[in-house]
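A quick write-up on the structure given underneath.
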Amino acid sequence: MRVLRNVAVLALALAAPVAASAAELNCSGPSNVEEFHYRWHLRGGLGWIAGFIFPRTGSGFLKTTYPNSEKSTISSELMVTGNNGTSGFYNYQSEIDGSGKTLSTYHGYAWGKKSRKERTVFDYVKRLARMHKETTAATEDTVRLLPKDEPEFRDILTAIHYMRTNADQITAPITTMIYMDGKEYPVIFRPAGRQVFTIHDQRVNAIGFDIVDAPGEKKWPGGVQVWLSDDARRIPFRITITENFASMQLDLDTINACGFLNARK
């Protein structure tokens, strides 16, 4: 049985798109898990200032666990760490139901003497957001009402998941809400065009999407740009996340679990 399973994995790997072959491919682990490993660096005019507080380069992974017989939801996690020998990290986690609705969101970091953890669980029936926040100074639990005119919310990870699963339908700007640091912000999902990138000496056709602040009074202090392989797998080989005055660019390096080969059959 092990031989047959290995043959099946090899056949799937050979059928993978160019974006997969451009990165080191290591199909191991459960068949419902995909894990993309990245190298990242700070970019932008003020990135060097952030480098005095945070590392300027590092590594990270984007891991997605799809439903199986033991699990009915989709779990997504983005973890980044620095290359400066510290134990600091930056972490996002999301839980998504089968329709793509965000059930919970988590955002945490620890760099130097500062740390923060914040988790929000959405109760769409009672229209409540239950938040738990921990910082170096205090711990806080709050509950507040969700806006009545918003059927659901997305964070950064569930927004990326939405773009991967709906790339063909996003042909014009879409106005929606994104949730970050306990607040909702009006944003726009919009196509960013098509380009050809070179990854590990391989040329990759890509389709891009931006998440930008929507016009209005409440300004989102962030931004996201994602470049996906232009094929059915929609592998996210470049992700740029902007918060306040600095941007972090993550570029695909290796693929350490190949659930993506089955996720969009």
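The values are calculated or read from the model by the stated rules, or taken from the named source; none is laboratory data. The model shown is predicted, which means the values in this text are computed figures rather than measured ones. Note: ideal-geometry Cβ built from the backbone for every residue, glycine included; neighbour counts use all protein chains shown.
Checking the structure you have, find out if any residue of region 64-78 is closer than 26 Å to Val212 by Cα, in contact with a helix residue (DSSP H, G or I) (Cβ under 8 Å, 6 or more places away or on another chain) and surrounded by fewer than 18 Cβ atoms within 10 Å (Cβ to Cβ). For region 64-78, residues closer than 26 Å to Val212 by Cα, in contact with a helix residue (DSSP H, G or I) (Cβ under 8 Å, 6 or more places away or on another chain) and surrounded by fewer than 18 Cβ atoms within 10 Å (Cβ to Cβ): present.
For region 212-231, the candidate set comprises residues that are free of Cβ contacts under 8 Å to residues at least 40 places away in the same chain and more than 22 Å from Tyr92 (Cα to Cα); within that set, the residue that is surrounded by the most Cβ atoms within 10 Å (Cβ to Cβ) is Asp230. Looking only at residues in region 18-63 that are of a type in the set (S, T, N, Q) and more than 18 Å from Trp111 (Cβ to Cβ), the one that is modelled with the lowest pLDDT is Ser21.
Yes/no matrix, rows are residues, columns are (1) buried (at least 19 other Cβ atoms within 10 Å of the Cβ); (2) within 23 Å of Lys219 (Cβ to Cβ); (3) among the hydroxyl-bearing types (Ser, Thr, Tyr):
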residue: Lys133; (1), (2), (3): no, yes, no
residue: Asp141; (1), (2), (3): no, no, no
residue: Phe153; (1), (2), (3): yes, yes, no
residue: Leu157; (1), (2), (3): yes, yes, no
residue: Ile188; (1), (2), (3): no, yes, no
residue: Gln202; (1), (2), (3): no, no, no
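Across region 114-168, the qualifying residues are those that are polar (S, T, N, Q) and not in a loop (DSSP other than H, G, I, E, B), and the one among them that is nearest to Asn91 (Cα to Cα) is Ser115. Scanning region 56-79 for residues that are more than 21 Å from Tyr162 (Cβ to Cβ), assigned to a strand (DSSP E or B) and touching a Gly at 6+ places or on another chain (Cβ under 9 Å) yields a count of 3.
How many residues does region 184-197 hold that are out of contact with any Gly (no Cβ under 6 Å at 6 or more places or on another chain) and touching a residue at least 24 places away in the same chain (Cβ under 8 Å)? Adding up the residues that qualify gives 8.
For first residues located in region 55-66 and under 30 Å from Gly98 (Cβ atoms), partners that are outside any strand (DSSP E or B) and among the small types (Gly, Ala, Ser) and lie 6+ apart or on another chain with Cβ distances below 8 Å form the pairs Thr64/Gly259; Thr64/Ala263; Thr65/Gly259; Tyr66/Gly259; Tyr66/Ala263.
Of note, Phe209 does not satisfy the criterion of being surrounded by 13 or more Cβ atoms within 10 Å (Cβ to Cβ), aromatic (Phe, Trp, Tyr), more than 19 Å from the chain's Cα centre (by Cα) and assigned to a strand (DSSP E or B). Go through region 83-115 and report how many residues are more than 18 Å from the chain's Cα centre (by Cα) and buried (at least 16 other Cβ atoms within 10 Å of the Cβ). Residues in region 83-115 being more than 18 Å from the chain's Cα centre (by Cα) and buried (at least 16 other Cβ atoms within 10 Å of the Cβ): 3 in total. Taking (1) farther than 26 Å from Glu184 by Cβ; (2) of a type in the set (S, T, N, Q); (3) touching a His at 6+ places or on another chain (Cβ under 9 Å) in turn, Ser69 satisfies each apart from (3).
Results for (1) within 20 Å of Thr81 (Cα to Cα); (2) not basic (Lys, Arg), shown as yes or no for each residue.
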position: Asp97; (1), (2): no, yes
position: His107; (1), (2): yes, yes
position: Arg116; (1), (2): yes, no
position: Val125; (1), (2): no, yes
position: Ala129; (1), (2): no, yes
position: Arg154; (1), (2): no, no
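For the structure I just gave you, tell me whether Gly216 is part of a loop (DSSP other than H, G, I, E, B), among the small types (Gly, Ala, Ser) and on the phi > 0 side of the Ramachandran plot. Criteria met by Gly216. Listed by first and then second residue, the pairs linking a residue in region 25-41 that is under 25 Å from Phe89 (Cα atoms) and assigned to a strand (DSSP E or B) to a residue that is acidic (Asp, Glu) and at pLDDT 70 or above, with Cβ atoms under 8 Å apart and 6 or more places separating them unless they lie on different chains, are His37/Asp253; Tyr38/Asp251; Tyr38/Asp253; Arg39/Asp251; Arg39/Asp253; Trp40/Asp251.
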